[in-house]
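All remarks here apply to the structure that follows.
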Amino acid sequence: LQQEQLLVRLFGEDGPLNSTLWEDASARCGWVVGMHNMMHHQLALHFLCSGGGIDLLFALQVDPSLFVASAASQLLVHVFTLSTETETTKPLCTVDSHSPTCAQMIIKHIEDSIQSSSASHVEQTLKLLANLFGSCGAPWTKVLWFTIAKRLESLLTEETFQAQHTLANLLLKMAWSPVFSDNGGRFWALVTSALERLTPVQAGPLAVGILSLYKCPQDVMMQALTVLLQPMDCILRAASQSLEYAGLLDESVSDPATVESLLSSKSSCAGLLCQTLAHLEQLLSLVHLPVDLPYVSLLRSLMAILQFCNGFLSPASPLGSTVSRILINCFRVQKSALDVLVALLERKGNCALTENLLDVLLAYLESPNTSPTVLKKAFKATSTWLAFLPCLSCSNSQWQQPEKILEAVFLVLQKRLCSPCWEVRDSSLEFLTALIQALRDHDEFRNSLLSSEVPRLTENLLEDPESYVRASAVTAVGHLAFMACFSPESPAVGNQYIKENTVAKLQEILSTDSEGFPRRAVINIFNEWLAEGCIGQLEDREQFVSRVIQTVERDLDWEVRLGGLELVRVFCTHTICQLGRPKRPPAPVSPAVTTSLHENELLRVFCRAKLFGFLFRSLCDCDKPLGQTACKILICLRGTFYADDILKESQGTEDSPAGRSIAWLQKTLKQGSLAQNFPTDGGNGVDFQDPESMMLALGTIDLEDLCDELNRCSDHVEKSPQSLLEDIIATVGTVEENEADCY
């Protein structure tokens with residue numbers, strides 16, 4: 001009854017529809033959204049279809065406010081979907097008197113609107129249809145298709161029709177419907193006609209969408225590929241000096257003069273190329289390509305575009321001269337072409353080994369006119385290409401020797417590492433790191449790099465005034481050290497290099513750098529070193545981890561502290577694998593048992609490394625992810641030292657000094673105040689370096705209960721709106737107007 005009264009208020013004479021409030025677009029949008037939220041009530045659906053509400057939605061669908069029109073269209077889709085939920089299983093072709101009332105009204109509205117002389121009405125109807133085809137079931141998809149098929153065919157031939165983009169989007173939505181996957185001859189003929197008649201800019205999104213389908217007639221798919229490649233074909237023809245590289249395509253779908261005209265215009269050339277390149281990148285990202293791409297020719301066209309943009313290509317035709325003048329220093333096209341080049345190399349990198357691609361990329365790396373953003377992408381393309389260097393050195397190609405290639409790359413890199421622009425220095429360091437990760441096992445690369453000036457310049461950037469650059473320098477230096485560590489020529493020298501040089505420098509950054517990014521980079525590198533076995537013998541690792549822990553547990557950046565916990569986890573895992581698991585007594589342990597624990601080398605190593613103090617204090621860290629991580633590590637350690645039938649309750653553990661201190665620890669952990677109330681080691685406090693105390697702590701403290709509590713805190717407090725607003729206030733300060741805004 002209350003719902004019915006509310007709906008009467010909404011649609012009645014005194015409701016918002018008949019008030020001056022309706023003149024406000026936000027009120028109209030609010031009404032539509034409100035109705036959308038009520039659609040799960042059948043009563044609301046009944047009132048909407050029988051009380052004039054559906055006609056109001058039809059009117060709002062062409063509202064001058066785009067927000068209102070969009071919301072009304074979404075609501076019509078919702079109404080149609082709900083009204084056809086109990087659809088019949090028999091084949092449907094048309095609407096009859098037995099069809100749901102709302103569905104009848106909406107389809108009749110579509111029939112009338114799509115025939116309208118108003119361009120805006122037709123466009124909004126096409127948008128509504130696109131949403132419907134994405135939502136309704138297969139039988140009703142057929143009904144809609146038979147309703148609009150003839151009109152869609154005629155729209156393509158109307159010279160006054162201006163909503164081609166919307167029509168193309170509708171066709172793409174329809175193509176995804178399973179109704180047309182097997183026997184949609186008339187529909188696919190319509191798609192073919194659209195690909196032929198629409199301009200390259202209009203047909204591009206439809207073409208790449210068709211190529212993304214799992215089921216589509218092969219001839220339609222090849223036509224879509226031809227549409228997509230036409231601009232690239234035109235560029236290649238304009239740039240080629242010989243008939244050998246005449247183009248990508250044997251024939252065109254539409255008149256090539258149309259594409260040439262667009263490329264010859266300053267207002268459309270860059271836009272068409274950027275759209276085409278974006279679609280090619282999208283296509284190359286697919287796991288399974290439905291068609292074979294002409295990779296080598298496509299690579300040539302990308303190189304031609306890049307050379308047009310930097311003025312390094314002598315045009316072979318009048319069109320080439322025009323395109324070259326338009327594209328010179330066009331950053332948009334440069335960035336798009338480099339993105340596609342990377343995608344192509346990642347998918348089919350061996351196709352680039354026969355081309356002089358490196359010369360094109362080096363020209364970008366060397367040119368002072370290359371913007372920092374374009375340079376970053378050129379670095380990415382170069383590192384991707386150089387990843388195939390081992391294949392190149394093993395081939396019998398006519399290329400110059402890999403040493404010469406690397407020498408040229410490192411000369412450019414040396415100059416860029418000294419750039420006055422911090423973005424360039426940062427991108428150069430990222431490029432170096434990518435090269436090391438890809439080629440560190442390649443002898444020629446390793447020798448060329450270590451004999452160049454790059455390592456020295458990289459180390460100098462550890463003191464760069466820009467924190468982003470210092471962080472990238474830390475990562476690059478860390479990988480340089482890693483490469484030296486595992487150098488087959490001199491592994492001992494490599495280890496010494498890490499010990500005496502890099503470790504000291506990075507630990508100083510971890511202790512003293514005022515910015516968080518470099519410190520995070522240091523702890524990440526330390527984790528990589530430890531995980532890959534770069535830190536010598538167990539004694540070295542123990543001292544290394546102990547020093548790092550003592551530094552990071554005082555760090556104000558929670559991500560640095562979290563990295564410290566990861567270091568603890570990696571150290572524990574490696575040490576357990578090296579020393580083996582000890583014999584595990586049942587818990588809780590008695591003083592007699594704990595006496596023998598001093599013989600447990602594994603536990604003594606962990607205590608000497610000062611892991612337990614860091615782990616237990618992290619349980620009460622104000623940043624809950626640290627507490628959760630520490631709790632998981634402690635549970636794993638308990639499983640190492642105790643059998644699976646561990647008891648949850650402490651029995652008689654307060655009979656010894658260690659037992660009393662652990663009882664205090666357990667109580668303090670429950671209060672969540674260990675970080676604030678923790679006394680110094682020894683005395684009445686907990687000695688986290690005492691194996692007996694730590695064995696007792698692992699056996700008596702209910703870590704599962706603590707873990708559950710931490711998870712509850714994270715889910716119900718830290719992610720709540722109130723917690724978020726409190727964080728905002730803490731960030732912006734407690735100014736009165738901020739408090740008012742938040743609360």
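Quick notes
- Accessible surface calculations at 1.4 Å, restricted to protein heavy atoms, place the stretch 215-351 at 43 Å² per residue.
- If R0 equals 56 Å, the separation of the Cβ atoms of Glu346 and Leu579 corresponds to a calculated FRET efficiency of about 0.85.
- Phi-derived couplings, Karplus 6.51 cos²θ - 1.76 cosθ + 1.60 at θ = phi - 60°, listed residue by residue for the stretch 424-439: 5, 4, 5, 5, 5, 5, 5, 4, 4, 4, 4, 5, 4, 4, 7, 10 Hz, with x used for Gly and Pro.
- For a modelled paramagnetic label at Ser261, 7 Å from Cα along Cα-to-Cβ, the residues of the stretch 198-240 in reach, with backbone nitrogen under 16 Å, are 198-203, 231.
- 21 Å Cα-Cα threshold exceeded, pairs from Lys380/Lys415; Lys335/Lys376; Lys108/Lys150; Lys173/Lys215; Lys142/Lys215: none
- Taking 7 Å steps out from each Cα toward its Cβ at Leu66 and Glu85 produces label points 3.3 nm apart.
- 3J(HN,Hα) couplings calculated from phi for the stretch 111-117 with the Karplus curve 6.51 cos²θ - 1.76 cosθ + 1.60 (θ = phi - 60°) are, in sequence order, 4, 6, 5, 6, 8, 5, 7 Hz; Gly and Pro show x.
- Potential lengthening between Phe146 and Glu532 on full extension [0.36 nm per residue; Cα-Cα distance subtracted]: 132.6 nm
- Point-to-point label distance, Ala363-Asp540, nm (Cα→Cβ direction, 7 Å offset): 4.8 nm
- Kirkwood Rh, angstrom, the stretch 215-351 [1 / mean 1/r, Cα pairs]: 15.0 Å
- Gain on full extension, evaluated as 0.36 nm per residue between Ala119 and Glu453 minus their Cα-Cα distance, stands at 113.7 nm.
- Taking every C-alpha pair closer than 8 Å and separated by at least 6 residues, the mean separation divided by the residue count of the stretch 215-351 gives a relative contact order of 31 percent.
- Based on C-alpha pairs under 8 angstrom that are at least 6 apart in sequence, the stretch 94-223 has a relative contact order of 24 percent.
- Burial ranking of peptide ranges 692-698, 559-565 (average Cβ count within 10 Å, highest at the top): 692-698, 559-565
- Accessible-area composition of the stretch 215-351, carbon plus sulfur, in percent [1.4 Å probe]: 50 percent
- R0 of 22 Å, Cβ-Cβ distance Gln550-Cys622: FRET efficiency to nearest 0.05: 0.65
- Packing, as the average of other Cβ atoms within 10 Å across residues, places the peptides 511-523, 371-383, 530-542, 221-233 in the order 221-233, 371-383, 511-523, 530-542, highest first.
- Spin-label pair Asp443/Ser317, simplified geometry with 7 Å Cα→Cβ offset, distance in nm: 4.9 nm
- The length gained by stretching the chain between Cys274 and Asn711 to full extension, at 0.36 nm per residue less their Cα-Cα distance, is 152.6 nm.
The values are calculated or read from the model by the stated rules, or taken from the named source; none is laboratory data. Fair warning: this is a prediction, and the values are worked out from it, not measured in the lab. Heads up, the Cβs are rebuilt from the backbone with ideal geometry, glycines too, and the neighbour counts pull from every protein chain shown. Just so you know, the surface numbers come from the protein's heavy atoms only, side chains and all, with ligands and any DNA or RNA stripped out. Shrake-Rupley method; radii C 1.70, N 1.55, O 1.52, S 1.80 Å.
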